[in-house]
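Below you will find the structure I want to go over with you.
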Amino acid sequence: MLLWVKSTPDSTMGTDLTVAVLSGKGGTGKTLVSVNLAAVAQKATYVDCDVEEPNGHLFFKPTILSSRVVTVPKPVVDQSLCDGCRICTEACAFNALALIGKQLLVFNEVCHSCGLCTTLCPKKALTEVEQPLGVVRQGRHGTVSFEDGILDIGQSEAVPLIKALLKKKHKDLVVIDSPPGSGCLVTEAILGADYCLLVAEPTRFGAHNLAMVHELVQILGKPCAVLLNKNEESASNPSKEYALAHNLSIAGTLPYDPKLAALASEGLIASEELGHYHAYFSNLLETIRKEAADASDPHTQR
Amino acid sequence: MIIAIPAEANSLDSATCVSFGRAPYYCLYNTETESSTFMTNLAADSAGGAGIQAAQDLVDQSIGTLITFRLGENAAKVLQAAEIAILKALNLSVADNISALQEGKLAPLGEVHPGFHHGH
């Protein structure tokens, strides 16, 4: 019996809000937090942008309603037309082309699909051909609209897939499950977010990675707060120390709980299984909505 | 034949550089004239594809052999297309690796790594 599910009305429901959940390292609990935030909302869209290893679907087990292949243009050479002028190899900003003897080599995984080589080639020996990069899927789990992207094995340039995933604008609450790290993929995933929630572990390594994502969200000018995950009262928490020392708001603390790991290993959503987790994530969502509203209101800005 | 070796500095007693594509210099040793020249690696500062560009530059210098500790798969493709022999460097100076090659002490480079495609 899941009596508590959806029993607490979301007081600020109806306000559009995009929250990105991110962390410097993997395994801090991004998916746990983003899945549960979406699950406790009255209406939400969950977008799994961790396209290199998406795992939100393991929890939502969504009914997939649509799936579409995302392609990127890559240069294909017609060796019979190439006269070895080297205009393309010298122009390429990514060193994705090499000319060995009369053979023009193209390195697709280094290519950023900018189209410069095909535009410049005087012999029209290079043409852009759309090549599959991965798929984006849309589905449903109860009140949650589910979206994810899956990068094809062997591909390394995931940015266009994340772009395709976030192209559609959503209403109400959107929770973005970001890739780990603080590089291009994360930047792309959080660019459109109104608010960033940084999930951090209570370790030195965790605090170091927290500092990296904190720097990134500050550069992007995003309002943010940290969620201290796997916290143990009896032990020190370097991520908490970092937050206090750097004026980083603490949105919540989630105590270390082996039950969460047990539920995750079965692909179960904590807030759908345990009442106190439903209450916890509902409160967290309230806090985020409030902080995000304050941040966007010029009169209350700190 | 010209032998290329990634070098930490532009001198024969310099250490052999552990990186191929990001090495600051390459020593080019001509076995016929027994002379060496040093080439600055212009690809070292590339945002990406340094190995591809560095391999292209070495192919353009008509090298026949490369001595290196390691090699990314893209650079390996360029060098293999040019039929360049690739040998595994020993933990020695540039000059001593050249001597080791001439004494037949260097083995072919067994494996290439999948590359470090940073900047994503």
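The values are calculated or read from the model by the stated rules, or taken from the named source; none is laboratory data. Only a predicted model underlies this, so the values are computations on that prediction, with no experimental measurement involved. In this analysis, Cβ positions are derived from the backbone assuming ideal geometry, glycine residues included, and neighbour counts consider all displayed protein chains. For the accessible areas, the whole protein counts, side chains as well, though only heavy atoms, and no ligand, DNA or RNA atoms are used. Shrake-Rupley method; radii C 1.70, N 1.55, O 1.52, S 1.80 Å.
Which condition from (1) in contact with an Asp or Glu (Cβ under 6 Å, 6 or more places away or on another chain); (2) of a type in the set (Ser, Thr, Tyr); (3) crowded, with 19+ Cβ neighbours inside 10 Å is the one that A:Ser145 breaks?
Single failed check for A:Ser145: (1).
Quick check on segment B:40-48. Is at least one of its residues facing chain A (nearest Cβ under 10 Å), out of contact with any helix residue (DSSP H, G or I) (no Cβ under 7 Å at 6 or more places or on another chain) and open to solvent by less than 30 Å² (accessible area, probe 1.4 Å)?
Looking for residues that are facing chain A (nearest Cβ under 10 Å), out of contact with any helix residue (DSSP H, G or I) (no Cβ under 7 Å at 6 or more places or on another chain) and open to solvent by less than 30 Å² (accessible area, probe 1.4 Å), one finds at least one in segment B:40-48, hence yes.
Within segment B:11-21, can one find any residue that is under 20 Å from A:Ala96 (Cα atoms) and of a type in the set (Phe, Trp, Tyr)?
Among the residues of segment B:11-21, at least one is under 20 Å from A:Ala96 (Cα atoms) and of a type in the set (Phe, Trp, Tyr), which makes the answer yes.
Identify the residue in segment A:152-168 that is over 26 Å from A:Lys290 (Cα atoms) and not in a loop (DSSP other than H, G, I, E, B) and, among all such residues, is nearest to the other protein chains (Cβ to nearest Cβ).
A:Val159
Output yes when any residue across segment A:124-138 is out of contact with any helix residue (DSSP H, G or I) (no Cβ under 9 Å at 6 or more places or on another chain), assigned to a loop (DSSP other than H, G, I, E, B) and of a type in the set (Gly, Ala, Ser), and no when none is.
no
I've got another one for you. Quick one: in segment A:102-123, which of the residues that are in a loop (DSSP other than H, G, I, E, B), farther than 17 Å from B:Asn74 by Cβ and among the hydrophobic types (A, V, I, L, M, F, W, C) is nearest to the other protein chains (Cβ to nearest Cβ)?
Selected residue: A:Cys114.
Go through segment A:10-52 residue by residue and tally those that are assigned to a loop (DSSP other than H, G, I, E, B) and either of a type in the set (S, T, N, Q) or under 16 Å from A:Phe146 (Cα atoms) (or both).
Residues meeting the conditions: 11.
Another question, then. Is it the case, given these coordinates, that A:Thr143 is in the same structural domain as A:Glu291 (by TED's automatic domain parsing), out of contact with any Ser or Thr (no Cβ under 6 Å at 6 or more places or on another chain) and of a type in the set (S, T, N, Q)?
In short, no.
Right, something else. Filter segment B:14-39 down to the residues that are surrounded by 20 or more Cβ atoms within 10 Å (Cβ to Cβ) and within 14 Å of another protein chain (Cβ to nearest Cβ) and list them by number.
B:Phe20, B:Gly21
Under 6 Å by Cβ, and 6 or more places apart or on different chains, what pairs join a residue from segment A:20-48 that is within 22 Å of A:Leu216 (Cα to Cα) with one that is open to solvent by 20 Å² or more (accessible area, probe 1.4 Å) and aliphatic (A, V, I, L, M)?
Short answer, once both residue conditions are applied: A:Gly24/A:Met212.
Same structure, new question: Pick from A:Leu227, A:Leu248: which is in a strand (DSSP E or B), modelled with pLDDT of 95 or more, open to solvent by less than 70 Å² (accessible area, probe 1.4 Å) and among the aliphatic types (A, V, I, L, M)?
Going through A:Leu227, A:Leu248 in turn, the sole match is A:Leu227.
Six or more apart or on different chains, Cβ under 6 Å: which pairs go from a residue in segment A:169-187 that's at the interface with chain B (Cβ under 10 Å from one of its Cβ atoms) to one that's part of a helix (DSSP H, G or I) and of a type in the set (Val, Ile, Thr)? Could you list them?
A:Pro179/A:Val186; A:Cys184/A:Val159
Would you pick out the residues in segment B:58-100 that are in a helix (DSSP H, G or I) and away from chain A (no Cβ under 14 Å)?
Matches in segment B:58-100: B:Val94, B:Ala95, B:Asp96, B:Asn97, B:Ile98, B:Ser99, B:Ala100.
One residue is enough: does segment A:254-273 have a residue meeting the conditions in a helix (DSSP H, G or I) and closer than 18 Å to A:Leu17 by Cα?
No, segment A:254-273 has no match at all.
A follow-up question, please. What pairs come out if I take residues in segment A:63-78 that are within 15 Å of A:Leu165 (Cα to Cα) and pair them with residues that are of a type in the set (D, E, K, R) and exposed (fewer than 13 other Cβ atoms within 10 Å of the Cβ) whose C-beta lies under 9 Å away, six or more apart or interchain?
Sorted first by the residue in segment A:63-78, then by its partner, the pairs are A:Thr71/A:Glu130; A:Val72/A:Glu130.
Could you tell me which residue of segment B:49-79 is most open to solvent (accessible area, probe 1.4 Å), considering only residues that are closer than 18 Å to B:Pro24 by Cβ and of a type in the set (S, T, N, Q)?
B:Gln61
State all residues of segment A:169-206 that are farther than 24 Å from A:Ser296 by Cα, surrounded by fewer than 22 Cβ atoms within 10 Å (Cβ to Cβ) and either among the charged types (D, E, K, R) or in contact with a Pro (Cβ under 7 Å, 6 or more places away or on another chain) (or both); if no residue qualifies, say none.
Those that are farther than 24 Å from A:Ser296 by Cα, surrounded by fewer than 22 Cβ atoms within 10 Å (Cβ to Cβ) and either among the charged types (D, E, K, R) or in contact with a Pro (Cβ under 7 Å, 6 or more places away or on another chain) (or both): A:Pro202, A:Thr203, A:Arg204.
Within segment A:82-101, identify whether any single residue is crowded, with 18+ Cβ neighbours inside 10 Å, within 30 Å of A:Ala193 (Cα to Cα) and within 14 Å of chain B (Cβ to nearest Cβ), and answer yes or no.
yes
Could you check, for segment B:87-95, whether at least one of its residues is in contact with a Cys (Cβ under 9 Å, 6 or more places away or on another chain), among the aliphatic types (A, V, I, L, M), in contact (Cβ under 8 Å) with a residue 24 or more places away in the chain and surrounded by fewer than 20 Cβ atoms within 10 Å (Cβ to Cβ)?
The answer is yes, given that some residue of segment B:87-95 is in contact with a Cys (Cβ under 9 Å, 6 or more places away or on another chain), among the aliphatic types (A, V, I, L, M), in contact (Cβ under 8 Å) with a residue 24 or more places away in the chain and surrounded by fewer than 20 Cβ atoms within 10 Å (Cβ to Cβ).
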